[in-house]
Amino acid sequence: MTLKKTHYIIDSGNTFLKVASFKEDKLINVERFSDVNGVSIDEKLPGIFCSVNHENLFSNLINLRDIKDKLNYPTHYEHSIGIDRRVLVYDLLKIRQISDAVIIDAGSFITIDFITNSTHMGGFIFPGLKNFLETYHVKGKKLPSLSVQSAIKPINHKTFPENTHEAISMAFTHYITSMMNLIEGQKNIYITGGDAKEIIGFINSSEVIHEENFLLEALNRIYISLSIL
């Protein structure tokens, strides 16, 4: 089905609300908001709303939760899987028909899902990079608050940290490395999310596909495939 008019795809995540405009199956524009109060959309246009936390905030948009039972695929994971992870897995398995893949969504939380022989095997949930670093300052008032960029810098291959900054930074590097060890030898590694670019350098594979707007594009493909318009 070819879309003839502009429509919205809205993703309300843990940190940002993204408003995407699509026309004729093409992504036209994406805006990010820290909360819903700054969002203004044309209430005459249709679309779909996906949120990990909220009910539908827009009366003219279809709530993905109302149709999530249509997003079925072979899986070993319970039906409690988050709606955003469900969308990404469904998109690869049922729409793009990719039988073997890994999906990394590096946002407020880092999820890693595995698809093998056209079946979703399950996946992991880790604290996101910023959440990991914030734990030091929140739980240890005298520990420094480091940004992802400052913590991720290499420490000249030292065996042991020699100061507090290095202690956190090297622990942070080991944290990322331990996650990426889980996908060692995997093919078709799809990565998305705000911290995707920071993590890519830790993936030991030439088959990494970075899709910045993976969730928005996946939602749009679902919107079209289910003939919701």
Exercise for the section: Inspect all residues belonging to region 23-38 and state whether any of them is within 17 Å of residue 193 (Cα to Cα), in contact with a strand residue (DSSP E or B) (Cβ under 8 Å, 6 or more places away or on another chain), of a type in the set (Asp, Glu) and surrounded by fewer than 18 Cβ atoms within 10 Å (Cβ to Cβ). Expected result: yes
Handout entry: Residue within region 117-136 that is touching an Asp or Glu at 6+ places or on another chain (Cβ under 6 Å) and closer than 30 Å to residue 5 by Cβ present
Key = no
Practice task
Kindly check whether there is at least one residue in region 111-119 that is in contact (Cβ under 8 Å) with a residue 60 or more places away in the chain, of a type in the set (Phe, Trp, Tyr), in contact with a Phe, Trp or Tyr (Cβ under 8 Å, 6 or more places away or on another chain) and under 26 Å from residue 13 (Cα atoms).
Solution key: no
Practice task
Test residue 115 against the stated conditions and say whether it is among the aliphatic types (A, V, I, L, M) and over 21 Å from residue 195 (Cβ atoms).
Solution key: yes
Fill in the blank from the handout: If we keep only residues of region 215-229 that are outside any loop (DSSP other than H, G, I, E, B) and of a type in the set (Val, Ile, Thr), then the residue surrounded by the most Cβ atoms within 10 Å (Cβ to Cβ) is 222
Handout entry: Yes/no for residue 52 being closer than 19 Å to residue 18 by Cα and either in contact with a helix residue (DSSP H, G or I) (Cβ under 7 Å, 6 or more places away or on another chain) or modelled with pLDDT under 95 (or both)
Key = yes
Exercise for the section: Go through region 67-85 and count every residue that is in a helix (DSSP H, G or I) and out of contact with any Ser or Thr (no Cβ under 9 Å at 6 or more places or on another chain). Expected result: 4
Handout entry: Selection status of residue 60, over 18 Å from the mean Cα position of the chain (by Cα), surrounded by 14 or more Cβ atoms within 10 Å (Cβ to Cβ) and closer than 19 Å to residue 220 by Cβ
Key = yes
Exercise for the section: Scan region 187-202 for residues that are crowded, with 20+ Cβ neighbours inside 10 Å and not acidic (Asp, Glu) and report the count. Expected result: 7
Completion exercise
Expected single match for surrounded by 19 or more Cβ atoms within 10 Å (Cβ to Cβ), within 27 Å of residue 88 (Cα to Cα) and β-branched (Val, Ile, Thr) among 152, 176 is 176
Handout entry: Test set (1) charged (D, E, K, R); (2) within 24 Å of residue 201 (Cβ to Cβ); (3) at pLDDT 95 or above - residue 166 fails condition number
Key = (3)
Fill in the blank from the handout: From the option list 110, 98, 104, single residue qualifying as closer than 17 Å to residue 217 by Cβ, modelled with pLDDT of 95 or more, surrounded by 23 or more Cβ atoms within 10 Å (Cβ to Cβ) and not polar (S, T, N, Q) is 104
Practice task
Considering only region 101-214, give the strands (runs of 3 or more DSSP E) lying wholly within it that have at least 1 residues that are touching a strand residue (DSSP E or B) at 6+ places or on another chain (Cβ under 8 Å) and more than 23 Å from residue 83 (Cα to Cα).
Solution key: 208-210
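The values are calculated or read from the model by the stated rules, or taken from the named source; none is laboratory data. The structure presented is a predicted model; accordingly, all values stated were derived computationally and were not measured. Every residue, glycine among them, receives a Cβ derived from its backbone with ideal geometry; neighbour counts consider all protein chains shown.
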